[in-house]
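The values are calculated or read from the model by the stated rules, or taken from the named source; none is laboratory data. As the structure is a computational prediction, the values presented were derived from the model and not from experiment. Note that we place each Cβ from the backbone using ideal geometry, even for glycine, and neighbour counts take in every protein chain shown. When the accessible area is computed, the model is the full protein with side chains, heavy atoms only, and any ligands, DNA or RNA have been set aside. Shrake-Rupley method; radii C 1.70, N 1.55, O 1.52, S 1.80 Å.
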Amino acid sequence: MPKHVAFIMDGNRRYARKRQVERQEGHTQGFDKLAETLRWCLNLNIHEVTVYAFSIENFKRSKDEVDGLMELAKQKFIRLLDEQENLKKHGVCIRVLGDLTLLPLDLQQHIARAVVATRTHNKCFLNVCFAYTSRHEIANAVREMAWGVEQGLIKSSDVSEALLSQCLYSSNSPNPDLLIRTSGEVRLSDFLLWQTSHSCLVFQSVLWPEYSFWNLCDAILQYQLNYRPLQKARDQHREGQTLQQHEADRAGVADLLQHHGNGKPLDAQKRQEALLNYTASREERVQDFLGALQHKRDSFLTDLTSQAALA
């Protein structure tokens, strides 16, 4: 069974047209379907779900629709805060991935309160991508690494593919095993591009508000049929990353000896000791940097909750 499933919940507006109801009603039905789908996932022992709730591109829609979506999101996060005891009972951790600064301040505050209130829960995880695109996320991760270099926390030579992964909004989550998109569209729409390079991608024609348990089962079956080649590709990528980092460390040691050595070649044992010391120093720097980055992100959310309490 997949442990982490991602959804592009597409088709709310087409559902509204199909049912001849207001567009906002389509979005409301979509939110209700998410709650139902989360229960299905939990019953299937899928303990992590990531959903594409609002793309940065969606800000280009009409003001009425965007305002309606912001209000709907605010209502849902307020409702989550009212359900804190249930969330604690079931160990639900809520994370919101995206650029919260693009959102109205009151919505930022409600989001922050929900995230802070549940961040110690660890039985199941709901990641809501809101004010998000993958390109924006990757660009932000690059900026975070540049900040680390500017602050003297890491060296430019520490920058790597693996470190970039750890600077993404989703750094606390494993990559999705399965990504599902509804409504018949066959594209990712700038969603989790980095994280889904070795995920099973399933595109289904059903509109999101009409999604059923059997649609989910069909997607899981497709994942199971493709599990072996997917796992092989992941293992090969992991091995390649390890080898790449090892080679980068060796090159770093060689450069260090060239600039700071006494000109005499080191024997194999001393070269190995130098490599181990270099690797340990890099890993310590990286961990300190990631700790500082997490503290910066936590402080942003804590400040928002404090503002909400004073309001």
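Hey, any hits in the stretch 184-194 for a residue that's under 11 Å from the mean Cα position of the chain (by Cα), more than 30 Å from Lys89 (Cβ to Cβ) and surrounded by 15 or more Cβ atoms within 10 Å (Cβ to Cβ)? Yes - at least one qualifying residue is present in the stretch 184-194.
Residues considered: Arg19, Arg13, Arg23. Of these, the only one that is over 26 Å from Asp99 (Cα atoms), at pLDDT below 95 and charged (D, E, K, R) is Arg19. Close contacts from the stretch 37-49, counting a first residue that is within 22 Å of Ser170 (Cβ to Cβ) and a second that is charged (D, E, K, R) and assigned to a loop (DSSP other than H, G, I, E, B), with Cβ to Cβ under 7 Å and a gap of 6+ residues or different chains, come to Ile46/Lys3; His47/Lys3; His47/Lys123; Glu48/Lys3. Among residues of the stretch 10-33 that are in contact (Cβ under 8 Å) with a residue 12 or more places away in the chain, those with a Cβ under 6 angstrom from a residue that is surrounded by 14 or more Cβ atoms within 10 Å (Cβ to Cβ) and among the hydroxyl-bearing types (Ser, Thr, Tyr), sequence gap 6+ or separate chain, pair up as Asp10/Thr182; Asp10/Ser183; Gly11/Thr182; Gly11/Ser183; Gly26/Tyr15; Lys33/Tyr211.
The helices (runs of 4 or more DSSP H) falling completely within the stretch 133-251 that include 1 or more residues that are farther than 24 Å from Leu44 by Cβ map to 134-150, 161-166.
All conditions but one from (1) touching a helix residue (DSSP H, G or I) at 6+ places or on another chain (Cβ under 6 Å); (2) surrounded by fewer than 12 Cβ atoms within 10 Å (Cβ to Cβ) apply to Thr242; the one that does not is (1).
Contact map, the stretch 136-158: first residue on the phi > 0 side of the Ramachandran plot, second residue open to solvent by 70 Å² or more (accessible area, probe 1.4 Å) and assigned to a loop (DSSP other than H, G, I, E, B), Cβ cut-off under 6 Å, separation 6 or more or different chains; the map is empty. Among the residues of the stretch 50-77, those identified as without any contact (Cβ under 8 Å) to a residue 40 or more places away in the chain and either open to solvent by 20 Å² or more (accessible area, probe 1.4 Å) or more than 19 Å from the chain's Cα centre (by Cα) (or both) are Asn58, Lys60, Arg61, Ser62, Lys63, Asp64, Val66, Asp67, Met70, Glu71, Lys74, Gln75. Evaluating Leu201 against the criteria (1) within 13 Å of Val5 (Cα to Cα); (2) without any contact (Cβ under 8 Å) to a residue 60 or more places away in the chain; (3) exposed (fewer than 15 other Cβ atoms within 10 Å of the Cβ) leaves one unmet condition, (3).
Would you please name the residue that is farthest from Ser281 (Cα to Cα), looking only at residues in the stretch 145-160 that are open to solvent by less than 20 Å² (accessible area, probe 1.4 Å) and not hydrophobic (A, V, I, L, M, F, W, C)?
This residue is Gly148.
Annotation for the stretch 78-95: no member residue is open to solvent by less than 20 Å² (accessible area, probe 1.4 Å), among the polar types (S, T, N, Q) and either closer than 27 Å to Asn122 by Cβ or out of contact with any His (no Cβ under 9 Å at 6 or more places or on another chain) (or both).
Looking across Arg79, Arg61, one residue alone is farther than 15 Å from Val115 by Cα and among the basic types (Lys, Arg). It is Arg61. None of Arg271, Arg228 is basic (Lys, Arg) and surrounded by 12 or more Cβ atoms within 10 Å (Cβ to Cβ) except Arg271.
Each row is one residue, and each column tells you yes or no for (1) over 22 Å from Thr182 (Cβ atoms); (2) touching a Lys or Arg at 6+ places or on another chain (Cβ under 8 Å); (3) of a type in the set (A, V, I, L, M).
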residue	(1), (2), (3)
Val21	no, no, yes
Leu34	no, no, yes
Thr37	no, no, no
Glu48	no, yes, no
Glu57	no, no, no
Leu72	no, no, yes
Gln75	yes, no, no
Arg79	yes, no, no
Asp99	yes, no, no
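Checked against the criterion of being aliphatic (A, V, I, L, M) and open to solvent by less than 20 Å² (accessible area, probe 1.4 Å), the candidates Leu107, Leu126 yield just one match: Leu107.
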